[in-house]
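What follows is a set of notes on a single structure, which appears directly below.
Read the figures in this text as sums done on the coordinates, not as results from a lab. Since this is a predicted model, take the numbers as computed values, not measurements. Don't worry about glycine lacking a Cβ; one is built from the backbone with ideal geometry, like all the others, and counts go over all protein chains shown.
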Amino acid sequence: MKGWQMYSKIQAMKEQGFSIRQVSTHICASRNTVRKYWEMDPETFATTYTTVNRTTALQAYESIIVKWLETYPNMTAAQVRDWLSEKYKLEAADRTVRRYVLNLRKQYGLAKQMEPKREYEAVEELPKGYQLQLDFGEKQVRDAYSSRYHKLCFVVFTLSHSRYKWGTFQDKPFLSVDLVRALYRCFDYMGGMPRQLVYDQDSIIVVSENNGDIIHTQAFASFLDETKLAVRVCRKSDPESKGLVEASVKFVKRNFMENRLYTGLDIWNQTFEDWLVRTGNGNQHGTTKRKPAEVFAEEQHHLLPLYGAAPVETAKEMDRNVRADNTVLYKSNRYSVPYGTYSKEKKVFLVAKNGKLEIMDRAGEPLALHDISEAKGKLIKMEIHRRNKQDKIKEQIEKAVSLLGEEFRKYIEVLCETKPRYVKEQLNLVLNTCEVYNRNDVLAAMQYCVEKELYSAGDLWDAAGTIAGQKLPHIQPSRLPVSGNSPQPPLTDERYHIPVENRALTVYAEVAAAKGSQKEPLNGSGVRR
């Protein structure tokens, strides 16, 4: 006989005037059992029976719970309760599950892995609808169909008064535009907006703290202009400023994500929203002793009305890294930025609107404006973004003119036009010529080259060397090879002039005939002995 049946039978026979002994004999139960239910009022029995019944229900899942605790040593009683509710639709009180899990750990020697806790300072409660805290998290989860792991990034929003939560996951790091989109979805989910946002100095939100004059990223600054919300940026090493949402992030990691297998992003996000209804906002909060969903029903009326949907441009904003060739990628094309923009930590902000791609730095200063190309794999480059080589060329020309005079300018300009691809090398050789030979010799060489239309730095070098060599009777100047290294001046020391004797061809013929006569004769087979 079940407990409630026994209690009902005992109370009915008691009202009919039966004694405890008679009831015990009739229902085949001990007198102590009958006496226990004899004086028990219905309210006490309901509370006692519910607890006993839930414990009995948990015992039916003992082997399953023990397997969970063995497989996942860090599993919490709250997560056990959530899994029982999700997988087996079993409802049980937090305290009942916590006591039962604690007894199982003691019975089977399943010690829980503990983590060190940080120390916090209590924060006063805030008015309804005043503050929303946000924070990011990430965690590796195992694939349901393989041994692979997936890194999931998520953002959690928590109302400070009710502890009501919402969040979303994605399989890539959050950008400014992702956060803005998530905020609008959060406001839509909650049916209103708070008056203040609290967040960390995250790089996708804050460019610089700027001694209190916060500089936000372009996307987030546009969002604040649209919503008119007040903000509060947490200082470093000040976790209690947003301790509520930090606790929410930890709760999501430990209760929802821990030990859960990944079957796809869409399914994961839908399962997370179910978890929010069932556990995240449906369980009694440890501090307020009320369910966040119940408190939120009171707080929701104090939220500000929505300002409308997210701007169209926001959905097309994005962050990008600057590549080493000073370009950024957008829809399979490369768009140029000014030369020198690239650095290993350099990021820029892109806004695509009305067929134009605007590229800005993190502070919102414009860098480039391109027409968006419909092609793929193209380089879209502005002329002003090319490396400025002309300044260096002009500097070299002016240096040569300063050494030789203004009349030398026309020759150099024509030389640069004749060999546009080798202007740098040609000017370097011209400067070397000016440094090695005296001014008059170089000017005479230039006049000679102009008359002969020899517009090459190599010809200028040879002509200057020849003119300089004519002043030395023992030197016969010759053309020097032009290489990447600076040419050396012709040798002018007589010690290096070695005369070579001229011989007639008959001398070489006689030497060749003498060597041929010394060869061994051939045998019959045509092989030398």
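Overview of values
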| quantity | calculated |
| --- | --- |
| At q = 0.08 Å⁻¹, base-10 log of I(q)/I(0) for the stretch 131-302 (Debye sum, equal scatterers on each alpha carbon) | -0.25 |
| FRET efficiency for residue 185 and residue 86, using Cβ-Cβ distance with R0 set to 22 Å, rounded to 0.05 | 0.40 |
| Length added when fully stretched, residue 418-residue 304, from 0.36 nm per residue minus Cα-Cα | 33.9 nm |
| Cross-link pairs beyond the 21 Å C-alpha cut-off, checked among 139/346; 87/253; 139/172 | 139/346 |
| Kirkwood-based Rg to Rh ratio, the stretch 317-385, C-alpha trace | 0.91 |
| Efficiency of FRET from Cβ geometry, residue 383 and residue 287, R₀ 60 Å, rounded to 0.05 | 0.45 |
| Rounded FRET efficiency, nearest 0.05, which uses the C-beta distance separating residue 66 from residue 33 and R0 of 22 Å | 0.10 |
| Cβ charges +1 (Lys, Arg) and -1 (Asp, Glu), total dipole of the stretch 131-302, debye | 560 |
| Inter-site label distance for residue 323 and residue 112 at 7 Å from Cα along Cβ, in nm | 5.2 |
| Linear extension gain, residue 277 paired with residue 226, 0.36 nm per residue minus alpha-carbon span | 15.4 nm |
| The stretch 3-108: Cα Rg divided by the 2.2 N^0.38 Å rule of thumb | 1.42 |
| Highest to lowest packing among 297-303, 155-161, 369-375, scored as the average C-beta count within 10 Å | 155-161, 297-303, 369-375 |
